[in-house]
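Undergrad: Handing you this structure, nothing more for now.
Every read-out reported here was derived from the displayed coordinates using simple, explicitly stated rules and does not represent laboratory data. Remember, predicted model here, so these are calculated numbers, not experimental data. Because the Cβ atoms are built from the backbone with ideal geometry, glycine has one as well, and the counts that use them run over all protein chains shown.
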Amino acid sequence: MRVRHTLAACAAAVALTVASGCGSDQEGRSSADGDGLSAGSGGRLMDGGTEGRPSAATMADVEAFVSRYTTCTDLHMQDEDYEDAVLPNPEEAGTAWGIEERAVCFNLKRNSVRLMTITDMKSFQARAKEHGGGYLLGEDFAVASGTSATRNDLKDSGLLDLHCDPDTPIPSGYRKEKALVDGCTLTDFVS
């Protein structure tokens with residue numbers, strides 16, 4: 001009988017410890033309250049910005065955010081106006097896109113995942129629309145990957161797809177938010 005009571009007391013103590021420690025930071029706030037996780041070089045990784053999308057102040061914050069949902073290893077910064085002749089990406093046009101920093105990391109199959117911090121989201125969305133989209137957007141950063149596996153991994157991250165294709169409707173029940181450029185919608189429908 002004494003063993004049974006001891007086991008029950010231990011189980012209750014473990015349950016209370018786990019419950020009180022889940023999702024909170026050092027100040028006792030839940031990570032779901034929008035303050036997010038401290039990350040990178042002193043920046044704050046935000047779970048929700050003014051529109052409810054994630055926000056990341058630095059490239060280290062973007063990397064940490066993406067790594068919560070999918071593999072992002074071997075981060076390499078790209079020059080401000082770098083243009084890769086072998087694998088040209090439309091956002092390599094430089095500052096005309098409103099991009100502050102650009103980097104690439106790799107998933108488990110060594111496919112690239114492109115990370116961008118954005119200073120002018122309207123310019124970025126306008127350029128992305130011209131080049132066919134394919135970008136998942138936070139408040140102040142964008143992620144692009146040519147693989148459906150990585151996009152699927154990021155599906156529940158809070159990032160929204162910049163959807164500018166009028167021939168492909170967004171199914172009912174998915175979030176639809178007006179983009180900063182005409183003819184585009186931000187949606188949690190990630191295909």
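Undergrad: Please give the FRET efficiency for THR95 paired with SER172, using the beta carbon to beta carbon distance and R0 = 45 Å, rounded to the nearest 0.05.
TA: 0.70
Undergrad: Using modelled amide H (1.01 Å from N, peptide plane; none on Pro or chain starts), what sits under 5 Å from the amide H of TYR135, excluding residues fewer than 5 places away?
TA: Here the answer is LEU162, since their amide H atoms fall under 5 Å of that of TYR135.
Undergrad: May I pose another question? Would you list which lysines come within 30 Å of LYS122, measuring only between C-alpha atoms, while excluding same-chain residues fewer than 8 positions from it?
TA: LYS155, LYS176, LYS178
Undergrad: Quote the FRET efficiency, to the nearest 0.05, computed for LYS109 versus MET77 with a Förster distance R0 of 30 Å and r equal to the Cβ-Cβ distance.
TA: Numbers: r = 22 Å, r/R0 = 0.73.
In this case the efficiency is close to 0.85.
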